[in-house]
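Structure first, commentary second.
The values are calculated or read from the model by the stated rules, or taken from the named source; none is laboratory data. These figures come from a predicted structure and were not determined experimentally. Neighbour counts are summed over all protein chains in view; Cβ atoms, including those assigned to glycine, are modelled from backbone coordinates with ideal geometry.
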Amino acid sequence: MAAMQQESAIRTSNAARVLIYLLLLLFAFFYLLPLFVMGVNSVKPLSEITGGNMMALPEIWTLEPWRKAWSEAQVGVQATGLKPYFWNSIKMVVPAVFISTVLGALNGYVLTKWRFRGDTILFGLMLFACFIPFQIVLIPMARVLGIFGLAGTTWGLVLVHVVYGIGFTTLYFRNYYAAFPTELVRAAQIDGAGFFQIFWRIMLPSSGPIIVVSVIWQFTNIWNDFLFGASFADFSSQPMTVALNNLVQSSTGVKEYNVHFAGAILAALPTLLVYIVAGRFFVRGLMAGSVKG
Amino acid sequence: MAAPVDADFRTRLQVWLPKLVLSPSLAMALVFVYGFILFTVYLSFTDSRILPSFGWVGFENYFKLFRLRHWEIAVTNMGVFAVLYMLICTAIGLTLAIFFDQKIRGEGVLRPIYLYPMALSFIVTGTAWKWMLDPGIGLENTMHALGWESFAFDWIKNRNYAIYTVVLAAVWQTSGFVMAMFLAGLRGIDNEILKAAQIDGASNWNLYRRIIIPQLRPAFLSAFVILAHLAIKTYDLVIALTGGGPGRATELPATFMYSYTFTRNQMGIGAASATIMLMTIAAIMIPYLYSELRERK
């Protein structure tokens, strides 16, 4: 791990460094631009957007678009605002994140500390599930949810997100527990501790960081999902992303851009807050999903 | 006499318990992933229309699919989108990572700014860029308001250029992530070799070209695999940004599959297109996962 922290031995001239700083700032501007545009235009009256300049600060500051986006904008057929959909997302995300993380932790524990023949292949099978194009499961999933009476319900979506999320959570815990000294587990076993006792008393207390990684990753992924929400949910369970899309794409009446921007920020807020508070762990999850070495 | 039997049962339970604990997840994967894949592949050989039906038609759906102009457009768009998206993300990611490797002050502030788009939903990204690129209220309108009356930028409304706006928004979302992958690779390179080469008088350009970039091969590979699979799965972004339009200008296989299956009631053809998407991703992911999992032993 020491190698990861080292700084490069490369030396650059001052002129080159000035150029580098300029380019880095330019890119920072590029990445921040949409957030800025969403922000300033969500607190402007509509006339200032259609008649004015998207980059300008508001002349009249107003929170009306936010109020409208939250509680009275036309989403789909009903004028409910995004509020009910926000709660739909919460009701879906919390159990899905919890269940997939618990299963991932147990799987990771089994796959590293109770290894058996063929365990790597089984893990590979589970991991591949994270990368499939989900179009391939849409048709049968719709049927199965229908058969079990879960079509259009929050619990149906929870099931879907757990099923296609455990590959990643298992990956996180497996990589993390692989570095955990197996001797400790064996010693506890000799002392008579059972499978769950070892997990509960020895593994779990030192799993803090990876639990955070798993929870944040799952939270972000599930909150941001659109395809499953659009395919399997109805009004009582549609998540925030689907509602936002309905709000923006609705073709009736005047396009209220300021309300759309406020709605987009509302949909982004939970994951953005998590990123601001614990971005380090989010990035770790991202990296673990790509560079498994 | 009971005690040894109990102990025996306990031991056997302990032997089976790990597999028992793993089995629900495994069963879910087998049914919901592999079973479902088989089902969809099977449907692609049937005459399913609005609902699954089981009349065998052989490769008929695939022949139909490849004769469809709509599919041809979706595949061509995917080619253009995937190549540009992967190239630009890699170029930006590598450049930014090399910049950050020059002992940059404020790295701790800048890096999170580059990466935050990854935390957003594609629907949010699509919405933001949709209006920013909209000629009526976005960039073009802003330039006019600032006094540049002749400025025109209507790519998002233009059949020939709309696909590039999808590239732009997708690059905005993921290039920071690619930067992080390369940066992790750069931070893992042994400085001793670099110092030795510097003593031999190697220029920075040569250091990067001859020593550093060749050592980033694993990072290039990861970036390629991740970007390719994200490109093929791109769906939400197009829905939010252009809805596949104008016309069919930004239609991709994922949007094609959805509309043929669920709105045009051509489930057989939809299943065939999903099968092709899966095979493309499998061709990239399976060798990659195989080598990654093997190396760990």
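Applying the criterion of being hydrophobic (A, V, I, L, M, F, W, C) and more than 8 Å from chain A (Cβ to nearest Cβ) to the residues of region B:191-202, the residue that is surrounded by the fewest Cβ atoms within 10 Å (Cβ to Cβ) is B:199. From the list A:17, A:11, the one residue that fits, being part of a helix (DSSP H, G or I) and modelled with pLDDT under 90, is A:17. None of A:137, A:94, A:144, A:110 is at pLDDT 95 or above and assigned to a helix (DSSP H, G or I) except A:94. Among the residues of region A:138-191, those identified as closer than 30 Å to residue B:14 by Cβ, buried (at least 16 other Cβ atoms within 10 Å of the Cβ) and among the hydroxyl-bearing types (Ser, Thr, Tyr) are A:169, A:170, A:172, A:176, A:177. Residue B:42 passes every criterion in (1) away from chain A (no Cβ under 11 Å); (2) in contact with a helix residue (DSSP H, G or I) (Cβ under 9 Å, 6 or more places away or on another chain); (3) aromatic (Phe, Trp, Tyr) apart from (1). Considering (1) outside any loop (DSSP other than H, G, I, E, B); (2) over 27 Å from residue B:248 (Cβ atoms); (3) more than 9 Å from chain A (Cβ to nearest Cβ); (4) of a type outside the set (Ser, Thr, Tyr), the lone condition that residue B:167 does not fulfil carries the number (2). Of all residues in region B:255-274, those being in contact (Cβ under 8 Å) with a residue 40 or more places away in the chain and either facing chain A (nearest Cβ under 7 Å) or farther than 16 Å from residue B:72 by Cα (or both) number 6.
Counting just the residues of region A:113-130 that are touching a residue at least 24 places away in the same chain (Cβ under 8 Å) and not in a helix (DSSP H, G or I), which one comes out farthest from the other protein chains (Cβ to nearest Cβ)? Within region A:113-130, the match that is farthest from the other protein chains (Cβ to nearest Cβ) is A:130. Exactly one residue among B:152, B:91, B:162, B:97 is more than 10 Å from chain A (Cβ to nearest Cβ) and at pLDDT 95 or above, and that residue is B:91.
Considering only region B:118-126, I want to know if a residue exists there that is modelled with pLDDT of 90 or more and not in a helix (DSSP H, G or I). Yes, region B:118-126 contains at least one residue that is modelled with pLDDT of 90 or more and not in a helix (DSSP H, G or I).
When you go through (1) in contact (Cβ under 8 Å) with a residue 12 or more places away in the chain; (2) within 18 Å of residue A:266 (Cα to Cα); (3) within 13 Å of chain B (Cβ to nearest Cβ) one by one for residue A:71, which number turns out not to apply? It fails just one condition, (3).
Residues of region B:213-230 being within 20 Å of the chain's Cα centre (by Cα) and surrounded by fewer than 22 Cβ atoms within 10 Å (Cβ to Cβ), which ones? B:217, B:218, B:220, B:221, B:224, B:225, B:228, B:229, B:230 - these are the residues of region B:213-230 that are within 20 Å of the chain's Cα centre (by Cα) and surrounded by fewer than 22 Cβ atoms within 10 Å (Cβ to Cβ). Of all residues in region A:42-63, those satisfying the criterion of being assigned to a helix (DSSP H, G or I), more than 8 Å from every other protein chain (Cβ to nearest Cβ) and not hydroxyl-bearing (Ser, Thr, Tyr) are A:46, A:48.
Residue by residue, here is whether (1) at pLDDT 90 or above; (2) more than 28 Å from the chain's Cα centre (by Cα); (3) surrounded by fewer than 16 Cβ atoms within 10 Å (Cβ to Cβ) holds:
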| position | (1), (2), (3) |
| --- | --- |
| B:168 | yes, no, no |
| B:177 | yes, no, no |
| B:186 | no, no, no |
| B:189 | no, no, no |
| B:207 | no, yes, no |
| B:211 | no, yes, no |
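Here region B:133-166 is the region considered, the condition is being touching a residue at least 12 places away in the same chain (Cβ under 8 Å) and among the acidic types (Asp, Glu), and the residue that is surrounded by the fewest Cβ atoms within 10 Å (Cβ to Cβ) is B:154. Inspection of region B:79-98 identifies no residue that is outside any helix (DSSP H, G or I) and in contact (Cβ under 8 Å) with a residue 12 or more places away in the chain.
Do we find that residue A:11 is at the interface with chain B (Cβ under 9 Å from one of its Cβ atoms) and basic (Lys, Arg) in this structure? So residue A:11 fits the description; yes.
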